[in-house]
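A quick write-up on the structure given underneath.
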Amino acid sequence: MKLNTTIIEMTDAYLHQSFYQSNENLNIIDCRDIEGTRCYLDDAAKAELIKRISNEPADGIHFIDSGNYHYLTLLWLSKIHVDFNLVLFDHHPDDQPPSFGMITSCGGWVLEAKETLPHLKNVYTFGVGDMPDISDISTDLPLYISIDKDVLSTDYAITDWDQGTMTLLEIKEILGKIFSAHEIYGVDICGDSGEMAENGSSINNQTNATLFDFLSQKK
């Protein structure tokens with residue numbers, strides 16, 4: 001995996017963290033001025049976000065702020081033009097039909113991806129229901145990995161959503177097995193607290209640093 005690193009600022013969450021500041025291959029995209037983005041993404045905001053990340057590749061590592069903006073994964077996935085599978089770490093399935101219209105949302109982006117992205121073949125989710133069997137993941141397709149830190153217990157992350165019980169070590173062990181057997185196209189990480197940016201900054205910064213260091217070694 002190429003070590004392109006992108007920070008998408010939807011809130012002030014990353015302003016209170018330092019895990020990325022020594023990275024020389026980093027691009028920060030400030031999107032805090034875009035209206036119509038929190039949880040639901042209106043058409044004008046979607047077009048503007050697509051424009052702002054248009055020069056960024058889908059491969060590499062992307063930090064995409066709070067879980068309220070997990071739909072940003074959909075925009076990265078739309079840049080992939082080969083068949084691939086999605087591996088998702090999330091305490092919520094994010095495959096719910098939209099409450100109104102066909103608007104993109106943090107709770108429905110996985111369903112939208114399944115219905116609109118022809119190159120996405122399968123989605124394997126850790127953190128909701130039974131754990132998928134990693135050995136069943138097709139080895140002839142690259143994987144895109146999306147991690148919402150709300151899958152972790154509150155010992156490892158402070159998010160804007162209710163959280164699961166996984167430990168950081170468990171995620172690293174699963175990722176290690178995946179990386180050892182599969183080509184990885186790209187990774188994104190969300191689950192920072194936009195609403196409590198300062199309160200959760202220390203623990204989220206440490207977890208982001210651990211994940212970033214781990215993923216960087218797997219390139």
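When only the Cβ of Lys, Arg, Asp and Glu is charged (+1, +1, -1, -1), the dipole of segment 41-102 relative to its Cα centre reaches about 180 debye.
With the simple model of a label 7 Å out from the Cα in the direction of the Cβ, Arg38 to Glu173 spans 3.9 nm.
Between amide H atoms placed 1.01 Å from N, distances below 5 Å from Phe89 occur with Phe126, Ser146, Ile147, Asp148, all of them 5 or more places distant or on a separate chain. In the context of the full set of protein chains, the chain has a per residue accessible area of 44 Å² (1.4 Å probe). Around the amide H of Asp160, modelled in the peptide plane, lie the amide H atoms of Gly67, Gly194, all under 5 Å away and 5 or more residues distant in sequence or on another chain. Distance between the C-alpha centres of segment 132-201 and segment 16-72: 18 Å, rounded to the whole angstrom.
Averaging the sequence gap over all C-alpha pairs within less than 8 Å and six or more residues apart, then dividing by the number of residues, gives segment 30-103 a relative contact order of 33 percent.
Over segment 6-132, the alpha carbon radius of gyration divided by the compact-protein estimate 2.2 N^0.38 Å works out to 1.06. A simple rule links phi to the HN-Hα coupling: the Karplus curve 6.51 cos²θ - 1.76 cosθ + 1.60 with θ = phi - 60°, which for segment 30-38 gives 8, 10, 5, 8, 7, 8, x, 10, 6 Hz, with x for Gly and Pro.
Too long at a 21 Å Cα-Cα cut-off: which of Lys79/Lys114; Lys79/Lys172; Lys114/Lys172; Lys46/Lys121; Lys51/Lys149; Lys79/Lys177? List each step's numbers first, then the result.
Details: Lys79/Lys114 14 Å; Lys79/Lys172 26 Å; Lys114/Lys172 26 Å; Lys46/Lys121 24 Å; Lys51/Lys149 27 Å; Lys79/Lys177 26 Å.
The pairs that break the limit, which is 21 Å between Cα atoms, are Lys79/Lys172; Lys114/Lys172; Lys46/Lys121; Lys51/Lys149; Lys79/Lys177.
Pairwise inverse Cα distances across segment 169-219, averaged and inverted, put the Kirkwood hydrodynamic radius at 12.3 Å.
As a fraction of the 1.4 Å probe accessible area of the chain, surface on carbon and sulfur atoms comes out at 47 percent. Taking amide H as placed 1.01 Å from N in the peptide plane, the amide H of Ile103 sits under 5 Å from none that are at least 5 places away or on another chain. Choose one answer from Lys172, Lys51, Lys121: the residue with the largest mean-square fluctuation in a GNM of the chain with alpha-carbon springs under 10 Å. Sorting by GNM fluctuation, first place goes to Lys51.
Computed over all pairs of different Cα atoms, the Kirkwood value for the hydrodynamic radius of the chain is 17.2 Å. Averaging the sequence gap over all C-alpha pairs within less than 8 Å and six or more residues apart, then dividing by the number of residues, gives the chain a relative contact order of 26 percent. Rounded to the nearest 0.05, the FRET efficiency derived from the C-beta distance between Asp130 and Thr210 at R0 = 35 Å is 0.85. Positive-end ranking of Ala47, Thr104, Gly36 along the dipole of the chain, with charges on Cβ about the Cα centre, is headed by Ala47.
Over all directions, what mean area does the Cα convex hull of segment 139-199 project, stated in square nanometres? Write out the running numbers ahead of the final one.
Details: hull surface 18.3 nm².
Projected area, direction-averaged: 4.6 nm².
Put simply, the convex hull of the Cα atoms in segment 86-156 casts, on average, a shadow of 5.7 nm².
Where in the chain are the DSSP H helices whose alpha-carbon span along the long axis reaches 18 Å or more and whose Kyte-Doolittle mean is at least 0.5?
On the way: long enough: 168-181 (20 Å, 0.96); 201-217 (24 Å, -0.31).
Both cut-offs are met by 168-181.
The values are calculated or read from the model by the stated rules, or taken from the named source; none is laboratory data. What you see is a predicted model; the values in this text were computed from it and never measured. Cβ: placed from backbone, ideal geometry, glycine included. Neighbour counts: every protein chain shown. In case anyone asks, the SASA skips ligands and DNA or RNA and just uses the protein heavy atoms, side chains included. Shrake-Rupley method; radii C 1.70, N 1.55, O 1.52, S 1.80 Å.
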